[in-house]
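The values are calculated or read from the model by the stated rules, or taken from the named source; none is laboratory data. Because the structure is a prediction, the values reported are computed rather than measured. Here the Cβ positions follow ideal geometry from the backbone for every residue, glycine too, while neighbour counts run over all protein chains shown. What goes into the accessible areas is simple: the full protein's heavy atoms, side chains included, and nothing from ligands, DNA or RNA. Shrake-Rupley method; radii C 1.70, N 1.55, O 1.52, S 1.80 Å.
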Amino acid sequence: MIRASQRRKKKIADESLTSGGGDTPDAPRVLVFHPELKRADQTASWRDASSRLDEAVSLTGALEFEVVGADIVPIAKVRPSTLFGKGVTERLGLQIKAEEADIVMINGQLTPIQQRNLEKEWKCKVIDRTGLILEIFADRARTREGRLQVQLALLSYQRSRLVRTWTHLERQRGGRGFLAGPGERQIEIDRRLIGDKLAKLRRELEEVKRTRELHREARRRVPYPIVALVGYTNAGKSTLFNQLTLSDVFAEDMLFATLDPTMRGLLLPGGRKVILSDTVGFVSDLPHDLVAAFRATLEEVLEADLIVHVRDASSLETEAQKLDVLEVLKALGLQKAIDGEELVEALNKIDLLEGEDLQAMLESSARHDNTIAISAMKGRNCDALLELIEDRLTVDMPVFELCVPYSDGKSLARLYEQGEVLQRNEGPDGISIQVRVDTTRLGRFEDWCAKSGLEIQLIS
């Protein structure tokens, strides 16, 4: 039987997870354990255990919990009932008791049975990596769409775990009088109610999705190219977004500082206007329910004409983080963009590098046409990044040459509106113009030239 103090601790932990951790006067004490299989061929991890443990601590700290300890726990094999073996479970239980931990965070995926058994054994709240990430998203989502998406993911996650905490859910309810049958169990009622809530949330998200599609249609009618910033969480996407657009989107040195997508207009060096989109950051082992729920938001990446992959060049795990991001992009169906010219890499945070490390990073980026080393915080090489973005957006655009009479000032002004004027020379018969035209405006441009009596010549 749980003592009064243990019941109080469990109540604090439950309330903390519900509120996001920041509203309680005393932050709950959390122990973080990273289970590591002893045999390397049993895991597909790209990272070493210590780096994954550090990331788990950072994730836990994102909810303003007090991390009182963090350890790597080697295991020979996964136990279906408790994940860990009996001896390890007992040893960790003594550590939990000694640290007076309110919550234990397991940096891995727990089944409902494992989660329930560990809570019974350790007499405290137990959450896994998926549950923690969902709680972070629930705490940070601000827009209506973001909150709906998080609710959908949370309910989908909790539906299979109803029996984990509430033993009363196994009781049955009967009907009335002589017509009463065996009734349905409380757990069945709760699952049905959650199912109804999920259906309602999906309907509301469909409405939001239709609204977002209307916004996309409006943008297509004024066809500014869309440039999407993607990358691992805390790679500096929002800082770069603010630097390029002179905005004040919330940016902080923490995981998942930004969840809701933001868009701003951006003027490139050649005068071309684009729409810059700041998207949610990715992370390794991103919950499938969350990817599915945020599909509508991530579709902004699918609509992008160019993707800028922002990477933390100062991190020792930058290559592993790159692979995680590319895996999510592949899951979204962007393999073609990854293989082609629609992906630019911005190696951020070079201001944190020194000496040989900095020189090696600059030399490495210089060897690749689609890669550039930058510092979003200091603004270093951001102008060069804009030039690279412009170069990638215009690489397939046709360039035309035509001559406009001096007397036709209206057509001359229209040319500057229709495309990007690359060269202008004044001759005896008029003004010779070289103009680059967006492929989305090509048909209208050719029709306008024909109606205006202007002869055009394709030069590239």
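A few comments on the model shown:
- Among the residues here, V310 qualifies as part of a strand (DSSP E or B) and either touching a helix residue (DSSP H, G or I) at 6+ places or on another chain (Cβ under 9 Å) or not aliphatic (A, V, I, L, M) (or both).
- Residue match in the range 115-137 (condition: surrounded by fewer than 17 Cβ atoms within 10 Å (Cβ to Cβ) and of a type in the set (A, V, I, L, M, F, W, C)): no
- Residue match in the range 388-399 (condition: surrounded by 12 or more Cβ atoms within 10 Å (Cβ to Cβ) and over 21 Å from E342 (Cα atoms)): no
- Check on S411, open to solvent by less than 30 Å² (accessible area, probe 1.4 Å) and touching a Pro at 6+ places or on another chain (Cβ under 9 Å): yes
- Among all residues of the range 89-105, there is none that is under 20 Å from I133 (Cα atoms) and surrounded by fewer than 20 Cβ atoms within 10 Å (Cβ to Cβ).
Table: residues versus (1) in a helix (DSSP H, G or I); (2) more than 23 Å from M361 (Cα to Cα); (3) modelled with pLDDT under 80.
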{"site": "F241", "(1), (2), (3)": "yes, no, no"}
{"site": "L255", "(1), (2), (3)": "no, yes, yes"}
{"site": "T258", "(1), (2), (3)": "no, yes, yes"}
{"site": "I275", "(1), (2), (3)": "no, yes, no"}
{"site": "E299", "(1), (2), (3)": "yes, yes, yes"}
{"site": "S315", "(1), (2), (3)": "no, no, no"}
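- All of V308, V280 fail the test of being modelled with pLDDT of 80 or more, closer than 23 Å to V325 by Cβ and not charged (D, E, K, R), apart from V308.
- Of all residues in the range 382-433, those being hydroxyl-bearing (S, T, Y), assigned to a helix (DSSP H, G or I) and over 15 Å from E446 (Cα atoms) number 1.
- Residue list for the range 347-371, restricted to those being outside any helix (DSSP H, G or I), open to solvent by 20 Å² or more (accessible area, probe 1.4 Å) and touching a Leu at 6+ places or on another chain (Cβ under 8 Å): N370, T371
- Per-region count, the range 306-346, residues open to solvent by less than 30 Å² (accessible area, probe 1.4 Å) and basic (K, R): 1
- Odd one out for T60 among (1) under 21 Å from D26 (Cβ atoms); (2) open to solvent by 30 Å² or more (accessible area, probe 1.4 Å): (2)
- F294 being aromatic (F, W, Y), modelled with pLDDT under 85 and closer than 27 Å to R380 by Cβ: no
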